[in-house]
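Here is the structure we will look at, set down as C-alpha cells.
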Amino acid sequence: MKTTETKTLKVIFEPIWKNNPIMVQILGICSSLAVTVQLKTAIVMAIALTLVVAFSNLTVSVLRNAIPRNIRIIAELCIVATLVILADELLKAFMYDISKQLSVFVGLIITNCIVMGRAESFALANPPLLSFLDGLGNGIGYGSVLIAVAFIRELMGSGKLLGFDVVPQAFYLSGYENMGFMLLAPAAFIIIGLLVWLQRTLLNK
Amino acid sequence: MLFGKIKNTFDKNRKHFQDGGKLKNLYPLFEALEAFFLTPENITKEGPHVRDSIDLKRFMSFVVIALLPTFFFGIYNAGYQSNLISGFSLDFWAAFSKGLVIVLPLVFVSYSVGFFWEILFASIRKHKISEGFLVTGLLFPLTLPPTIPLWQAALGISFGVVIGKEIFGGTGRNILNPALTGRAFLFFAYPAKMTGDSVWTVVYKLKDQSVDIVSGATPLAVSALAGINENIEVLLAQKGYSFSRLLTGTYPGSIGETSAMLCIAGAVFLMVAGIASYRIILGGILGVLSTGYLLNMVAGDSSAAWLSINPFYHLVMGGFAFGIAFMATDPVSAPGMENVKWVYGFAIGVLTVLIRVFNPAYSEGVMMAILFMNLFAPLLDYVEIKFRLKKRVPNV
C-alpha cells in the first residue's frame with residue numbers, strides 16, 4: 001500500500017516542480033506568452049487547461065484497451081477536442097468577457113503539446129485514477145508557471161493585480177513608471193527564461 | 001617608488017583573498033584591481049606564444065580613449081542644450097558644468113550598478129572581472145537621452161549586463177552588445193522616456209516662469225514628420241540643423257551620439273590603432289550611402305520625403321556615426337572572420353536606412369540594425385569558414 005501511495009504522490013507532485021511541463025519540458029510556451037498579460041486570464045486559462053488535461057487523461061486511460069493502436073492519435077484528438085469545446089462553451093456561457101480576451105487560445109488547447117503529450121506518454125499506459133492525477137499535476141504545474149508569469153507581468157506592466165491598482169499613487173508621483181516592455185510578448189520569454197534559471201539553480205543545489 | 005608601494009600593498013593583502021582567507025569570495029575583485037595597476041605575474045611559460053603587446057586591458061583602454069572626445073563633447077552639449085532652452089548663460093564653462101551635473105550621475109550609476117553585477121557574477125561563478133565593462137559602462141550612458149531617470153538607467157545597465165552578457169557566460173561569450181541590449185530594453189520598457197520630443201533636453205524651470213518651455217525635436221524626428229512634397233534638407237535648415245551643425249553636433253539628442261565629427265575621429269583612431277575593424281566601419285558607411293542613393297533613384301514626386309534626402313545626411317543624423325564606430329565594432333558580438341565583416345557592416349548600414357525611412361515608429365534605426373546583425377554574426381562566420389574550406393585544395 002505504501003508504494004502506491006508514494007507513487008500517487010509522485011505522479012501529482014513531480015510535474016509541479018521537478019518535471020514541470022513549461023520549465024523543464026518547454027511545452028505550452030505559445031499560450032504562456034499570449035495569455036499572461038493579465039492575472040485573470042492566466043488563472044482562467046490555467047483552470048481550463050488543468051480540467052482538460054485531467055479529464056482527457058481519465059477518458060483516454062479508461063478507453064486505453066479499446067482504442068486500436070493505429071488510430072490512437074485520432075481517438076485522442078477527438079476526446080481532447082470534445083473537452084476543449086466543452087470548456088470553451090462553458091466560458092462563453094458564464095465568463096463571456098474573459099472568453100473574449102482569451103479568444104482563440106482556449107480553442108488552441110487542442111494543440112497544446114501538454115495535453116497530447118500526457119495522453120500519449122502516460123494515460124495510454126496507466127490506470128484511470130493515476131492518469132487523472134497525472135493530468136491534474138501537469139495542469140497545476142503549467143498553471144502555476146502561467147500564474148507566476150502573469151503576476152510579474154501585470155504587476156510590473158500595468159501596476160495592477162487582478163485588475164486592482166496595487167502600486168500606490170505615491171510611487172507614481174515620485175517618478176515610478178510602469179514597464180511597457182512587460183506588456184509585450186518577449187517579456188514572457190525573458191521571465192520564463194529567468195524562472196528556468198532559478199529552478200535549475202535550486203534543483204542542482 | 002610608488003609602484004613598489006602599490007605592489008607591497010597587494011602582496012600584503014593577498015593572503016586574505018586566497019583560499020582559506022576571509023575574503024576569498026572577493027578574489028576576482030582583488031585580481032582585477034591588481035591587474036589594473038600592475039602587469040600580471042603569471043606569464044605563459046610554454047609555447048605557442050603570440051607575441052603582441054596588446055591584451056584585453058590595453059584593448060579596452062584604447063576604446064575608452066577613443067570615446068573620451070565624444071564623452072566630453074556630450075557633457076558640453078547636454079549642458080549647452082539645457083542652458084539654451086532654460087535661458088541660462090551659454091558661456092563654455094557654464095554649459096560644461098551644467099553638463100557635468102546632468103551626465104556624471106548617469107555615468108556613476110552605470111558604472112556602480114554594472115560593476116555590482118559584474119563582481120557578483122565573478123564571485124559566484126569564479127570567473128575573472130573583465131575590463132570589458134569599462135567600455136560598456138561608458139558606452140551605455142552615452143546612448144541615453146539626458147533626461148532619463150537614474151533608476152531607469154540602473155535597470156537598463158542591469159539588464160544589459162545580466163541578460164545581455166552574464167547569462168551567456170560573461171565577457172567574450174555574449175551574442176549581443178551589452179550596452180545596446182540595455183538601451184533596447186529601456187527603449188521598449190519606458191518608451192515615454194526614450195523617445196519623443198521632450199526627452200532630449202533637461203529643462204530647469206525658474207520658479208517665476210509660468211510658460212512651458214518646449215524643447216526641440218531631433219533632426220530625425222523632424223525628418224520623419226516631413227510631408228510628401230517637402231524637402232527634408234530645407235526643413236532641417238529651417239529648424240537650424242544645417243549639415244555642418246549636424247556634423248559638429250550641437251543639437252539635442254542622446255548624450256554621446258550627436259557629434260558625428262568626433263565619432264569619426266574616434267573611429268579613425270581605433271582603425272589606426274588596429275582595435276576596430278575598418279571593414280565594418282567602411283562597410284557600414286558604404287551600406288548607408290548606397291541604400292540612400294538607391295532610394296534617391298526610386299523616389300518619385302509622390303513618394304515620402306525621406307526617400308529623396310541626400311544620403312550623406314543619414315551619416316550625420318542620429319546615432320549612426322556613434323553606433324558604427326563604437327557599437328558595431330565590438331569584437332565579441334561582431335563576426336570574427338575578416339571578409340564577412342564587410343557584409344556585416346554593409347548590412348548594418350542598409351538596415352539603418354531602411355528602418356529610418358520605412359518605419360516611422362522607430363525614428364532611430366541604428367540600434368535595431370546592430371542588434372539584428374549581432375544575431376547574424378555566427379552565421380556569417382560559419383558561411384565564410386565553409387567557403388574557405390571549399391576553396392582549399394585537398395591534401396591528397
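The values are calculated or read from the model by the stated rules, or taken from the named source; none is laboratory data. These figures come from a predicted structure and were not determined experimentally. As a convention, Cβ positions derive from the backbone with ideal geometry for all residues, glycine included, and neighbour counts pool all protein chains shown.
Things worth noting here:
- Flag for B:GLU118 being of a type in the set (Asp, Glu), away from every other protein chain (no Cβ under 14 Å) and either touching a residue at least 40 places away in the same chain (Cβ under 8 Å) or surrounded by 19 or more Cβ atoms within 10 Å (Cβ to Cβ) (or both): yes
- Scope segment B:186-201; condition in contact (Cβ under 8 Å) with a residue 60 or more places away in the chain and either surrounded by fewer than 22 Cβ atoms within 10 Å (Cβ to Cβ) or within 19 Å of A:PRO186 (Cα to Cα) (or both); matching residues: B:PHE187, B:THR195
- Residue match in segment A:95-102 (condition: within 19 Å of the chain's Cα centre (by Cα), at negative phi and either at pLDDT 90 or above or hydroxyl-bearing (Ser, Thr, Tyr) (or both)): yes
- Test for A:LEU133: is it surrounded by fewer than 14 Cβ atoms within 10 Å (Cβ to Cβ), more than 14 Å from chain B (Cβ to nearest Cβ), more than 18 Å from B:PHE188 (Cβ to Cβ) and of a type in the set (A, V, I, L, M): no
- Test result for B:GLY240, assigned to a loop (DSSP other than H, G, I, E, B) and without any contact (Cβ under 8 Å) to a residue 60 or more places away in the chain: yes
- Checked against the criteria, A:PHE164 does not count as closer than 18 Å to B:ALA189 by Cβ and not aliphatic (A, V, I, L, M).
- Exclusive hit being within 12 Å of chain A (Cβ to nearest Cβ), over 24 Å from B:TYR362 (Cβ atoms) and out of contact with any strand residue (DSSP E or B) (no Cβ under 9 Å at 6 or more places or on another chain), set B:ARG173, B:ARG125: B:ARG125
- Looking at A:ILE147, A:ILE190, A:ILE140, just one residue is out of contact with any Asp or Glu (no Cβ under 6 Å at 6 or more places or on another chain), β-branched (Val, Ile, Thr), within 14 Å of chain B (Cβ to nearest Cβ) and within 23 Å of A:GLN25 (Cβ to Cβ), and that residue is A:ILE190.
- Which numbered condition B:PRO141 misses (of (1) away from chain A (no Cβ under 14 Å); (2) without any contact (Cβ under 8 Å) to a residue 12 or more places away in the chain): (2)
- From A:ILE109, A:ILE79, A:ILE74, A:ILE43, residue being without any contact (Cβ under 8 Å) to a residue 24 or more places away in the chain and aliphatic (A, V, I, L, M): A:ILE74
- Looking only at segment A:163-187, residues that are among the hydrophobic types (A, V, I, L, M, F, W, C) and either more than 8 Å from chain B (Cβ to nearest Cβ) or more than 30 Å from A:ILE16 (Cβ to Cβ) (or both) come to 9 in all.
Let's see how each residue does on (1) surrounded by fewer than 17 Cβ atoms within 10 Å (Cβ to Cβ); (2) hydroxyl-bearing (Ser, Thr, Tyr); (3) touching a Phe, Trp or Tyr at 6+ places or on another chain (Cβ under 9 Å); (4) assigned to a helix (DSSP H, G or I):
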{"site": "A:ASN138", "(1), (2), (3), (4)": "no, no, yes, yes"}
{"site": "A:TYR142", "(1), (2), (3), (4)": "no, yes, no, yes"}
{"site": "A:LEU155", "(1), (2), (3), (4)": "no, no, no, yes"}
{"site": "A:GLY175", "(1), (2), (3), (4)": "yes, no, yes, no"}
{"site": "A:PHE181", "(1), (2), (3), (4)": "no, no, yes, yes"}
{"site": "A:ALA187", "(1), (2), (3), (4)": "no, no, yes, yes"}
{"site": "A:LEU194", "(1), (2), (3), (4)": "yes, no, no, yes"}
{"site": "A:TRP197", "(1), (2), (3), (4)": "yes, no, no, yes"}
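- Just one of (1) among the aliphatic types (A, V, I, L, M); (2) surrounded by fewer than 17 Cβ atoms within 10 Å (Cβ to Cβ); (3) at pLDDT 85 or above; (4) farther than 30 Å from A:ASN204 by Cα fails for A:MET45. It is (2).
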